[in-house]
1. Within the stretch 81-93, does at least one residue satisfy the condition of being within 27 Å of H26 (Cβ to Cβ), in a helix (DSSP H, G or I) and aliphatic (A, V, I, L, M)?
2. Check T171 against each of (1) free of Cβ contacts under 8 Å to residues at least 24 places away in the same chain; (2) more than 16 Å from the chain's Cα centre (by Cα) and name the one condition it does not meet.
3. For the stretch 67-76: of the residues being assigned to a helix (DSSP H, G or I) and either in contact (Cβ under 8 Å) with a residue 60 or more places away in the chain or more than 14 Å from the chain's Cα centre (by Cα) (or both), which is surrounded by the most Cβ atoms within 10 Å (Cβ to Cβ)?
4. Taking F41 as meeting all but one of (1) in a helix (DSSP H, G or I); (2) closer than 21 Å to T172 by Cβ; (3) free of Cβ contacts under 8 Å to residues at least 40 places away in the same chain; (4) in contact with a Leu (Cβ under 8 Å, 6 or more places away or on another chain), write down the number of the exception.
5. Just the residues that are of a type in the set (A, V, I, L, M) and more than 10 Å from the chain's Cα centre (by Cα), please, taken from the stretch 5-47.
6. Cβ-Cβ under 6 Å, sequence separation 6+ or interchain: first residue in the stretch 82-109 and on the phi < 0 side of the Ramachandran plot, partner aromatic (F, W, Y) and assigned to a helix (DSSP H, G or I). Which pairs?
7. In the list S134, S54, which residue meets the criterion of being more than 15 Å from the chain's Cα centre (by Cα), at pLDDT below 95 and either of a type in the set (A, V, I, L, M, F, W, C) or under 20 Å from A175 (Cα atoms) (or both)?
Amino acid sequence: MTDHTSHEHAPRCFWVDGSQIYRDYHDSEWGFPVFDDRRLFEKICLEGFQAGLSWITILKKRENFRAGFANFDMAKVARFGDKDVERLLQDTGIVRHRGKIEAAINNARCAEKLLESESSLAAYFWKFEPHPKSRPKLITRESLRAMTTCVESVALSKDLKKRGWKFVGPTTMYAFMQAMGLVNDHEESCHVRHAALQARKKLDLNKL
């Protein structure tokens with residue numbers, strides 16, 4: 001993870017508000033390539049919890065989610081039962097939505113199943129990285145507002161749903177791809193864009 005938080009007044013993507021937690025997330029996480037299975041699983045779960053809410057709401061509760069969901073250890077979450085669901089429904093530090101809680105547990109089990117045929121979650125997800133030529137020539141505020149899905153996020157959503165995953169619609173999967181660096185949607189003027197591009201160049205997909 002790269003630290004760019006010292007640039008307090010540097011230009012950033014339009015969606016970043018004035019809060020320190022959002023600036024830190026944007027500067028150090030969003031758009032940087034992730035190939036750690038735990039982080040990938042955590043993010044896809046949190047994207048599901050975000051449905052109908054703002055990301056800042058989830059981000060502020062992220063440590064509580066980590067505590068409640070065994071730090072998003074897939075093997076542990078996959079073995080959550082009814083008592084865990086009830087425990088989480090009483091946890092005021094997270095989003096207490098039964099359907100989303102049960103979906104996260106379901107998705108942990110689906111992730112374990114997926115790993116029977118894939119070497120890692122990273123190897124699976126990065127298969128859906130869009131080809132550079134399919135991306136907009138310039139990433140601007142206007143182009144970002146227009147991009148809520150892409151061909152690859154639709155394909156990823158469709159494949160995950162076929163495998164039994166829940167809360168993985170195309171728009172949710174595009175947000176996941178943006179956050180995990182499968183696409184670099186930092187604006188051209190954003191001070192973090194170049195660093196995210198360089199981080200992607202260093203990533204060898206053959207080693208996933």
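The values are calculated or read from the model by the stated rules, or taken from the named source; none is laboratory data. Computed from a prediction, not measured in an experiment: that's the story for all the values here. Heads up, the Cβs are rebuilt from the backbone with ideal geometry, glycines too, and the neighbour counts pull from every protein chain shown.
1. Among the residues of the stretch 81-93, not one is within 27 Å of H26 (Cβ to Cβ), in a helix (DSSP H, G or I) and aliphatic (A, V, I, L, M), which makes the answer no.
2. With respect to (1) free of Cβ contacts under 8 Å to residues at least 24 places away in the same chain; (2) more than 16 Å from the chain's Cα centre (by Cα), T171 is out only on (2).
3. Ranking the qualifying residues of the stretch 67-76, first place goes to M74.
4. The failed condition is (3).
5. If we filter the stretch 5-47 for residues that are of a type in the set (A, V, I, L, M), which is where we start, we get 10, 16, 21, 34, 40, 44, 46.
Residues satisfying the conditions are A10, V16, I21.
6. If the second residue must be aromatic (F, W, Y) and assigned to a helix (DSSP H, G or I), the pairs left are I94/F65; V95/F49; K100/F49.
7. S134
Rundown of residues vs (1) β-branched (V, I, T); (2) surrounded by fewer than 16 Cβ atoms within 10 Å (Cβ to Cβ); (3) closer than 30 Å to S143 by Cβ, yes/no style:
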position	(1), (2), (3)
F14	no, yes, yes
W30	no, no, yes
R39	no, no, yes
K43	no, no, yes
L53	no, yes, yes
L59	no, no, yes
L88	no, no, no
G93	no, yes, no
